[in-house]
Amino acid sequence: MGKATQDLRKEHDAILYVLQILDKMMRSDNSGSETLLQYYDEVVYFFKIFIDKCHHGKEEDFLFKELVKKGIPSEGGPVGVMLHEHAQGREYIAQMGRSIDEKSIEGFNNAAVLYRNLLHQHIEKENNVLFMMADKVIGEQEQNLLFEYFEQHEENVVGHGVHEKLHAMIDTWAQAFELNKILWSVIRRDKNDK
C-alpha cells in the first residue's frame, strides 16, 4: 500500500465514523429540535470541507489525474465512475443544506440517507478496486510525491487549523450521541501518524 492511497484510506475511516454518528443523530430523540438542526448544519460543513474540498479534492486533482496518466481510463472507466459519484454526492450535500435552511428535518434525513448510502458504496469501490489499481501502477516514489501534494492541498485549500476544528466537532458529536470514542481516538492517532 502506497503512502498516498494509505492516507486516503485513513480519511475513509474518519468519514465512515462520521456516518455512524450521522445515523445516531437521525435516530435521536431530538428530532425536530433546534439543537439537532445545529448538529446537522455542522455535519454539512464537515461534508463540504473535509469530504468534498479536502478528500475528493486530493483524489480529483492528484490521484485520478495520475491514474489517467498511467493508462487507467477516465471515460467509461473507474475514474469516471468515481467522478460521477463525487458530483452526485455534491447534489445530496446541497439538498441537505437547503433542508436545513427550510428547517426540514425530514428533508435533511432523506438526502442524508442517500448520501450515506452513496458514500458507503463509493468507499468500498475505492478501497477495494481503485486504490488497489493505484498501488499497482503508481510506484513508491510517485506515491510519496502524491502524498506531499496532498499535504500542500490540505494547507492551501482547506486552511491551517481547519482539521483541528473538524476533529473537535467530531469529538462533540461522539460525546453527544454516545458513540465509541475509543474507535475515534484510534482513527485520529492513525491519521496523525502519517
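Taking Ser74, Ser33, Ser104 as the candidate residues, the one with maximal mean-square fluctuation in a Gaussian network model of the chain, Cα springs under 10 Å, is Ser33.
Exceeding 24 Å between C-alpha atoms, which entries from my cross-link table qualify? They are Lys10/Lys58; Lys48/Lys136; Lys48/Lys70; Lys48/Lys125. Walk me through the numbers before you get to the answer.
Working: Lys10/Lys58 13 Å; Lys48/Lys136 30 Å; Lys48/Lys70 29 Å; Lys48/Lys125 21 Å.
Pairs exceeding the cut-off: Lys48/Lys136; Lys48/Lys70.
Once you sort the root eigenvalues of the Cα gyration tensor of the chain as a ≥ b ≥ c, which label holds: rounded (a/c under 1.5), prolate (a/b larger than b/c) or oblate (the other case)? Note, shape of the chain comes out prolate.
Helical runs assigned H by DSSP (4 residues or longer) give the chain a calculated mean residue ellipticity at 222 nm of -23000 deg cm²/dmol, each run adding -39500 (n - 2.57) before division by the residue total. Peptides 52-58, 82-88 ordered by packing proxy, namely the average of other Cβ atoms within 10 Å per residue, highest first: 52-58, 82-88. From the residues Val137, Val162, Ala174, which one has its Cα farthest along the dipole of the chain in the positive direction, the dipole being from +1 and -1 charges on Cβ of Lys/Arg and Asp/Glu about the Cα centre? Positive-end residue among those listed: Val137. Taking the Cα atoms only, what angle lies between the long axis of helix 162-176 and the longest principal axis of the chain, rounded to 10 degrees? Tilt of helix 162-176: around 40 degrees.
Taken about its Cα centre, segment 4-51 carries a charge dipole of roughly 160 debye when the Cβ of each Lys and Arg holds +1 and the Cβ of each Asp and Glu holds -1. For the chain, the longest principal axis of the alpha carbon atoms and the long axis of helix 3-26 meet at an angle near 20°. Once the Cα atoms of helix 34-46 and of the chain are each reduced to a long axis, what angle between those two axes, in degrees from 0 to 90 to the nearest 10, is obtained? Computed tilt is about 10 degrees.
Each reported figure results from applying straightforward, stated rules to the coordinates on display, with no laboratory input. Values in this document were obtained by computation on a predicted structure and should not be read as measured data. For neighbour counting, all protein chains shown are included, and Cβ atoms are generated from backbone atoms with ideal geometry for every residue, glycine included.
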